[in-house]
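Okay, structure first, notes after.
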Amino acid sequence: MRNLSGKNIVLGISGGIAAYKSVELMRLLQKQGADVKVILTDSALEFVTPLTFQILSGNPVYTKMFGDEYETSVRHIDWAEKADCVIIAPATANTIGKLANGIADDVLSTFMLAIDCPVVLCPAMNSKMYENRVVQKNLDFLENEGFMIIEPSSGELACGTKGKGRFPEHDFIVHNLIKRMFPKDLEGKKILITAGPTRESFDPVRYISNHSSGKMGYSLAKMAELRGAEVTLVSGPTNLNTPYGVNLLPVTTAEEMADQVFSHMDDKDIIIKVAAVADYSPITIEDKKIKKSDDDLTITLKKNLDILKEIGKKKKDQILVGFAAETNEMEEYASRKLLEKNLDMIVGNIVGIPDSGFGADTNKVTMFFKSGDNVELPSMEKDKVANSILDKIYKRFLR
Ligand SMILES: Cc1cc2nc3c(=O)[nH]c(=O)nc-3n(C[C@H](O)[C@H](O)[C@H](O)COP(=O)(O)O)c2cc1C
């Protein structure tokens with residue numbers, strides 16, 4: 001999902017050694033659908049050329065206050081009015097000082113006084129400069145004024161020393177910028193989400209599992225976090241990166257998943273169970289690898305605890321959402337599960353068809369409610385499906 005589709009982002013670049021990293025940052029913002037316009041300070045021009053940003057952004061680059069013979073409007077006002085968000089990366093100690101004191105003596109600082117939109121600052125500098133009391137005082141002031149300050153990371157610095165002051169990971173910056181712009185309708189809510197498959201071993205090298213990739217649960221965790229929720233994600237084994245800001249509790253078996261869910265559910269406002277938990281697991285797990293023989297092998301399975309049903313019994317006034325992945329007669333199974341397991345809502349999806357269910361990047365789901373009505377969504381990217389599910393949870397149960 002392109003989270004910055006149609007957004008006008010102004011990227012301010014000041015004169016730090018990390019200025020070259022802003023090229024990649026701009027590309028990532030564009031990948032999220034943003035139209036990026038760039039402002040470079042005089043000092044930034046010592047490190048990077050405007051041409052790179054002009055070609056890659058497809059927009060003119062703003063570098064000087066006066067003397068642009070083709071200019072027909074007052075650009076710093078024009079850009080300020082259209083900006084949905086401004087990010088200054090890297091933000092030098094000098095630029096931070098100017099912003100904190102209302103100084104407007106160049107293009108970037110003048111533009112910054114004319115904006116009325118969220119601002120994200122990425123300070124990057126030598127660690128002694130960063131720790132300097134005046135710089136810290138200026139950052140505190142700007143944070144109190146509503147600027148989002150992304151802390152620099154620690155490590156080797158361009159000046160040859162080690163410490164805090166490095167330009168953070170690009171993905172992390174983009175995540176924070178998107179988060180700054182997202183509505184915070186789930187602020188203050190604690191959400192427990194389960195995702196992925198479980199693995200039930202029957203010898204040290206073999207297990208029974210299913211095709212769940214974890215993508216739907218991870219999308220829900222990512223979107224809920226962006227919308228301001230405090231998210232705990234109990235996940236079986238997947239190949240996915242943990243979404244930023246999400247508390248991941250990794251598990252392997254259905255039993256481990258049950259333990260984590262029951263010990264973390266009490267203080268949650270919403271529980272969304274997306275994980276494809278094994279219904280059965282082998283009665284015995286051999287100590288040594290089972291040797292191949294000419295005979296067939298029989299593995300006897302025992303029924304696992306139905307975690308969703310148990311939550312349904314234990315829950316107090318929490319909102320409980322389940323998922324039903326079915327190959328057929330989805331409506332009937334989903335509606336029955338909704339009632340039998342005391343759910344507030346169930347999301348049904350057909351698996352085993354292209355573009356939906358396990359492993360796919362898209363999903364086609366129908367949401368069923370206790371009241372008997374349902375809402376069918378078209379096939380969409382899983383991030384979008386996640387957002388629609390959260391919209392429904394918000395509108396039906398939280399407003
Ligand atoms: C090689 C070199 C690297 C610099 N790197 C940084 C830096 O990473 N962060 C910083 O705050 N200042 C850095 N400076 C100092 C700034 O360029 C200087 O304070 C300048 O006035 C910043 O102007 P601006 O904020 O208008 O871009 C560096 C200077 C030089 C010569």
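Coordinate-derived values only; no laboratory data. What you see is a predicted model; the values in this text were computed from it and never measured. In this analysis, Cβ positions are derived from the backbone assuming ideal geometry, glycine residues included, and neighbour counts consider all displayed protein chains.
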Practice problem: At q = 0.06, 0.15 Å⁻¹, work out log10 I(q)/I(0) for the chain with the Debye formula, treating every Cα as an identical point scatterer and leaving solvent out; two decimals please. | Solution: -0.33, -1.21
Practice problem: Search the structure for amide H atoms under 5 Å from the amide H of Ile208, placed 1.01 Å from N in the peptide plane, and list their residues when 5 or more places away or on another chain. | Solution: Glu200, Ser201, Phe202
Self-check item: Dipole magnitude (debye, nearest 20) for segment 233-274, charges at Cβ of Lys, Arg, Asp, Glu
Solution: 200 debye
Exercise. Straight distance only, please: which lysines reach the Cα of Lys289 with their own Cα at less than 30 Å, same-chain residues fewer than 8 apart left out?
Key: Lys302, Lys303
Quiz prompt | Per-residue ³J(HN,Hα) for segment 288-302, Karplus 6.51 cos²θ - 1.76 cosθ + 1.60, θ = phi - 60°, Hz, x for Gly and Pro | solution = 10, 4, 6, 6, 5, 9, 7, 8, 5, 10, 10, 10, 8, 10, 10
Quiz item: aspartates and glutamates within cross-link reach of Lys190: Cα-Cα under 18 Å, excluding same-chain residues under 8 positions apart?
Solution: Glu225, Glu230, Asp266, Asp267, Asp269, Asp317, Asp344, Asp391
Exercise. Starting at the first residue of segment 231-240, write each ³J(HN,Hα) from the Karplus equation 6.51 cos²θ - 1.76 cosθ + 1.60 with θ = phi - 60°, in whole Hz, x for Gly and Pro.
Key: 10, 10, 10, 9, 10, x, x, 9, 9, 9
Quiz item: Can you give the relative contact order of the chain as a percent, counting alpha carbon pairs under 8 Å and 6+ residues apart?
Solution: 11 percent
Quiz item: How do Asp373, Asp203, Asp266 line up, fewest other C-beta atoms within 10 Å first?
Solution: Asp373, Asp266, Asp203
Quiz item: What is the fewest-to-most order of Cys85, Cys159 by other Cβ atoms lying within 10 Å of their Cβ?
Solution: Cys159, Cys85
Quiz item: What FRET efficiency comes out for the pair Ser5/Lys288, r = Cβ-Cβ distance, R0 = 56 Å, nearest 0.05?
Solution: 0.50
Exercise. Please report the relative contact order for segment 190-398, taking Cα pairs under 8 Å with a sequence separation of at least 6, and give it as a percent rounded to a whole number.
Key: 20 percent
Quiz item: Can you work out ³J(HN,Hα) from phi for every residue in segment 8-13, in order, using Karplus 6.51 cos²θ - 1.76 cosθ + 1.60 and θ = phi - 60°, giving whole Hz and x for Gly and Pro?
Solution: 9, 10, 9, 9, x, 10
